[in-house]
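Everything on this sheet refers to the single structure shown next.
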Amino acid sequence: MHLTSASRVMSLKPPVDHDLDLLLVTDSVSAALEHIQRHTMDHFGLTRRPRRPSILLGEPRTPHAVAKRPLTRPSPPPIAPAA
């Protein structure tokens with residue numbers, strides 16, 4: 001008999017009442033986010049950190065990188081004549 005991961009975990013130890021308090025079934029996004037906030041970030045003292053840009057998606061490293069990046073490759077400086 002093949003057991004899935006969830007059924008294997010459930011067979012090892014039955015859930016206790018405080019585990020069942022973590023379960024929330026809702027169709028409200030705001031209620032789901034508030035539940036996650038309360039039971040993860042507040043409970044463990046986590047904080048949000050800014051999302052880093054993805055190089056794989058071609059996102060610039062800084063918000064100003066697009067404005068600073070030249071549209072064309074700059075021409076090389078002129079070569080001084082030999083004296």
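No value in this document is a laboratory result; all are computed from the given coordinates. Remember, it's a predicted structure, so these values are computed and weren't measured experimentally. Virtual Cβ from ideal backbone geometry, glycine too; neighbours counted across all protein chains shown.
Taken one residue at a time, the phi angles of the stretch 46-53 give Karplus couplings (6.51, -1.76, 1.60, θ = phi - 60°) of 7, 10, 7, 10, x, 6, 7, x Hz. Gly and Pro are set to x. Spin-label pair ARG52-ASP27: with each label point 7 Å from Cα along the Cα-Cβ axis, the two points sit 4.0 nm from one another.
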